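Novice: Structure in structure tokens, see below.
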Amino acid sequence: MIVVTGGMGYVGGFLLERLAGCGERVCCLVRPGKPAPALAALREMGVDIAEGDLSAMGSYTSVLAAARIIIHLAHIRYAPLILECAGSSTERIVLVSSLWRFSRVPSPVVDEIIAAEKIVEQSNKPWVLLRPAMIYGPRGDRNISRLAAHLQRWRLLPIFGDGQKLQQPVYVGDVVRAILASIERNGLEHRSYALAGRYPLSYRELVYAIGRSVGVSPLIVALPALPSAYILRVLRRLGLSVGVDSEQILRLQEDKSHSIEEAQRDLGFAPLEFEQGLRKAIEGGLDVS
């Protein structure tokens, strides 16, 4: 049996489509209260559903213990529980974290990721750790789709800093293929891999590429990063929100360029260039509503 956590998230939807009909039972772990139509769609694909709560020890113990393969797409904070509950017959545990863990901007979320990954790295269970960059693709990725929707509506885009820091977003299909390779290939235990686009590009280049993809020439207005972060921090303390916070501004001042050589070598990872991925996303229904 293949057990998937976080299967109702963005990547999970694409992954379950690939796993459905694979000839092995697939079980998706979901929290109670998920919409009935979404659950019905999983059942129509032939995916079993187990309801429970990853934050409550014992919710999924029997299901996880019976799994041959575990694919953990839910937050990496739950990785210790996944490792503890995996049975002696579990052959591979694929844990999906984030390259966000390498950010140097102080953040409780990053601290949480680092702490969970340390526990993973100390485990003797047969784990593989994948760290994707910002994921984009069709059907509402919440990253590139939001930028595309903004540009289509307004064209004008304020950015913080000079926009020259590097980004390396990765297409969702490439992430799914890497996950599948991680459960199919031998000799990967206790290894971690960065999953990012083929080449990095500056934030400005990324914005212009998105603009071209939706037929818009963006008008970029550069705002000073540090003063903007300070102002937003003050506004947040006053209980005001403007849709972006100081942490996000500071993270945009970090280069997010990562080597993917190990993933290319061990997983056959061959990610798309960004504009190629954008074309596929648009063909598949990039959500710009």
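Novice: Return yes when A50 is open to solvent by less than 30 Å² (accessible area, probe 1.4 Å), in contact (Cβ under 8 Å) with a residue 12 or more places away in the chain, part of a loop (DSSP other than H, G, I, E, B) and among the aliphatic types (A, V, I, L, M) and no when it is not.
Specialist: no
Novice: Tell me, which residue of segment 1-37 that is part of a helix (DSSP H, G or I) and small (G, A, S) is surrounded by the fewest Cβ atoms within 10 Å (Cβ to Cβ)?
Specialist: Step by step, filter segment 1-37, then rank; the result is A36.
Novice: Looking at segment 223-248 only, could you name the residues that are over 20 Å from the mean Cα position of the chain (by Cα), part of a helix (DSSP H, G or I) and of a type outside the set (D, E, K, R)?
Specialist: A225, L226, P227, S228, A229, Y230, I231, L232, V234, L235, S246
Novice: Given the conditions (1) among the β-branched types (V, I, T); (2) buried (at least 17 other Cβ atoms within 10 Å of the Cβ); (3) modelled with pLDDT under 95; (4) outside any strand (DSSP E or B), and given that V120 satisfies all but one, which numbered condition is not satisfied?
Specialist: So the condition that V120 fails would be (3).
Okay, residues lined up against (1) polar (S, T, N, Q); (2) open to solvent by 40 Å² or more (accessible area, probe 1.4 Å); (3) assigned to a loop (DSSP other than H, G, I, E, B):
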{"position": "S62", "(1), (2), (3)": "yes, yes, no"}
{"position": "I71", "(1), (2), (3)": "no, no, no"}
{"position": "Y78", "(1), (2), (3)": "no, yes, no"}
{"position": "L81", "(1), (2), (3)": "no, no, no"}
{"position": "G87", "(1), (2), (3)": "no, no, yes"}
{"position": "L95", "(1), (2), (3)": "no, no, no"}
{"position": "W100", "(1), (2), (3)": "no, yes, no"}
{"position": "V109", "(1), (2), (3)": "no, yes, no"}
{"position": "I113", "(1), (2), (3)": "no, no, no"}
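Novice: Test of understanding: among R185, R251, which residue is in contact (Cβ under 8 Å) with a residue 12 or more places away in the chain, within 19 Å of R142 (Cβ to Cβ) and within 24 Å of the chain's Cα centre (by Cα)?
Specialist: R251
Novice: Continuing with the same structure: Quick test for you: out of I144, I210, pick the one residue that is modelled with pLDDT of 95 or more and among the aliphatic types (A, V, I, L, M).
Specialist: Answer to the check: I210.
Novice: So how many residues does segment 250-285 have that are over 23 Å from R131 (Cβ atoms) and outside any loop (DSSP other than H, G, I, E, B)?
Specialist: Residues that pass the stated criteria total 4.
Novice: Of all residues in segment 207-222, which are in a loop (DSSP other than H, G, I, E, B) and either more than 25 Å from L278 (Cβ to Cβ) or in contact with a strand residue (DSSP E or B) (Cβ under 7 Å, 6 or more places away or on another chain) (or both)?
Specialist: Correct list: P218 only.
Novice: So, A40, is that one surrounded by fewer than 19 Cβ atoms within 10 Å (Cβ to Cβ) and assigned to a helix (DSSP H, G or I) or not?
Specialist: The answer is yes for A40.
Novice: What single numbered condition from (1) touching a strand residue (DSSP E or B) at 6+ places or on another chain (Cβ under 8 Å); (2) loosely packed, with under 14 Cβ neighbours inside 10 Å; (3) at pLDDT below 90 fails to hold for D255?
Specialist: (3)
Novice: Return the only residue of V221, V207, V216 being of a type in the set (V, I, T), under 18 Å from Q152 (Cα atoms), open to solvent by 40 Å² or more (accessible area, probe 1.4 Å) and out of contact with any His (no Cβ under 8 Å at 6 or more places or on another chain). Steps first, please.
Specialist: Numbers: V207 fails: open to solvent by 40 Å² or more (accessible area, probe 1.4 Å); V216 fails: open to solvent by 40 Å² or more (accessible area, probe 1.4 Å).
Among V221, V207, V216, only V221 is of a type in the set (V, I, T), under 18 Å from Q152 (Cα atoms), open to solvent by 40 Å² or more (accessible area, probe 1.4 Å) and out of contact with any His (no Cβ under 8 Å at 6 or more places or on another chain).
Novice: Within segment 139-156, which residues are open to solvent by 10 Å² or more (accessible area, probe 1.4 Å) and not in a helix (DSSP H, G or I)?
Specialist: Answer for segment 139-156, where residues must be open to solvent by 10 Å² or more (accessible area, probe 1.4 Å) and not in a helix (DSSP H, G or I): R139, G140, R142, N143, R155, L156.
Novice: Continuing with this model, one more query. Just give me the residues in segment 108-139 being of a type in the set (S, T, Y) and under 21 Å from Q264 (Cα atoms), in sequence order.
Specialist: Y136
The values are calculated or read from the model by the stated rules, or taken from the named source; none is laboratory data. Every value quoted in this text rests on a predicted model; they were computed, and no experiment measured them. All Cβ positions, glycine included, derive from the backbone under ideal geometry; neighbour counts span all protein chains shown. Heads up: the accessible areas ignore ligands, DNA and RNA and are worked out on the full protein's heavy atoms, side chains in. Shrake-Rupley method; radii C 1.70, N 1.55, O 1.52, S 1.80 Å.
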